Amino acid sequence: MLEQYANIHNRKDIMLVRDIIQAQDAQYIPYFDATMNAHAAYIYNMFCTYKATFDAYCEWLFPILFELERHIDYKNRESYQRRVFGFISERLLNVWVRKNHLRVREVNVISIDEHKFKRWIQKMVFGS
């Protein structure tokens, strides 16, 4: 996953995240490294869980992202790359799930382009 990230985004960002995790909560480093060496990941920042689990994840995630924000000049990047915190958090969700040994149930994600979606809604509502 590290190489995939580095091919599309700034490798320095993800390596800085590793340094931040090392400083904030080093017990996550083996899970970070395992995730970065993996060939698959859960993306889209989507998951269903209990509120307590979600709160624990956010308490871990946001200090990392806020620290990253202090160290990178994302505002001067082109618009797609300004979404760095979303791209990083997609990877970090995988780290957190690994470290906390959470059970994962996979479901399909369907992506529908806007025009097809509008036609589908019209058929559902108007039957035409």
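One table, with the values for the structure above:
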item: Tally, over segment 97-111, of residues that are touching a residue at least 60 places away in the same chain (Cβ under 8 Å), surrounded by 11 or more Cβ atoms within 10 Å (Cβ to Cβ) and not basic (Lys, Arg); result: 0
item: Residue in segment 112-119 that is of a type outside the set (Gly, Ala, Ser), at positive phi and exposed (fewer than 11 other Cβ atoms within 10 Å of the Cβ) present; result: no
item: Residue that is surrounded by the most Cβ atoms within 10 Å (Cβ to Cβ) [pool: residues in segment 41-89 that are in contact with a helix residue (DSSP H, G or I) (Cβ under 9 Å, 6 or more places away or on another chain), under 22 Å from Ser111 (Cβ atoms) and small (Gly, Ala, Ser)]; result: Ser89
item: Pair list, Cβ < 9 Å and 6+ apart or interchain, from segment 1-13 residues that are in contact (Cβ under 8 Å) with a residue 40 or more places away in the chain and more than 14 Å from Arg77 (Cβ to Cβ) to residues that are among the polar types (S, T, N, Q) and surrounded by 12 or more Cβ atoms within 10 Å (Cβ to Cβ); result: Met1/Thr35; Met1/Asn94
item: Single residue of Asp13, Asp19, Asp33 found to be closer than 16 Å to Arg98 by Cα and not small (Gly, Ala, Ser); result: Asp33
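Each value in this text was obtained by applying a stated rule to the coordinates, not by laboratory testing. For clarity, every value in this text was computed on a predicted model and none was experimentally measured. Because the Cβ atoms are built from the backbone with ideal geometry, glycine has one as well, and the counts that use them run over all protein chains shown.
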